[in-house]
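The values are calculated or read from the model by the stated rules, or taken from the named source; none is laboratory data. Computed from a predicted model, the values in this text were never measured in an experiment. Please note: Cβ atoms are built from the backbone with ideal geometry, for glycine as well, and neighbour counts cover all protein chains shown. Note: accessible area is taken over every heavy atom of the protein model, side chains too, but ligands, DNA and RNA are not part of it. Shrake-Rupley method; radii C 1.70, N 1.55, O 1.52, S 1.80 Å.
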Amino acid sequence: MSVKKRNLYILMVANLLISASTTMIMPFLSLYIETFGDYSEAYVQRWAGYIFGVTFFSCFYFFTDLGTNWR
């Protein structure tokens with residue numbers, strides 16, 4: 001097996017584990033944000049969505065050709 005193919009398999013497994021662990025925290029993220037103060041449910045859900053979405057946006061930005069061409 002070539003080094004490139006082996007590295008691709010390692011990256012695929014790592015990406016799967018990171019994505020799985022990120023989606024596991026989603027149900028508890030809004031509960032954690034509620035502990036910061038007395039906020040409305042819509043406010044908490046909006047910020048939970050922002051926090052959850054920024055992880056995937058940063059992966060898109062830093063690990064694609066689009067991100068590497070902008071730097």
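Worth a mention:
- Radius 12 Å from Cβ of Leu11, net charge of other residues (Lys, Arg +1; Asp, Glu -1): +3
- The chain: angle of helix 3-34 to the longest principal axis, Cα-based, in degrees nearest 10: 0
- Sorting Ile18, Ile33 by solvent-accessible area of protein heavy atoms yields Ile18, Ile33, largest first, with a 1.4 Å probe.
- Within segment 1-50, the chymotrypsin sites (Phe, Trp or Tyr not before Pro) that combine a DSSP coil assignment with at most 13 other C-beta atoms in a 10 angstrom radius are Phe36, Tyr39.
- The chain: angle of helix 41-62 to the longest principal axis, Cα-based, in degrees nearest 10: 10
- Listed candidates (i) 38, 11, 9; (ii) 18, 12, 11; (iii) 33, 16, 6 - label of the one calculated as semi-axes √(5λ) of the Cα gyration tensor in Å: (iii)
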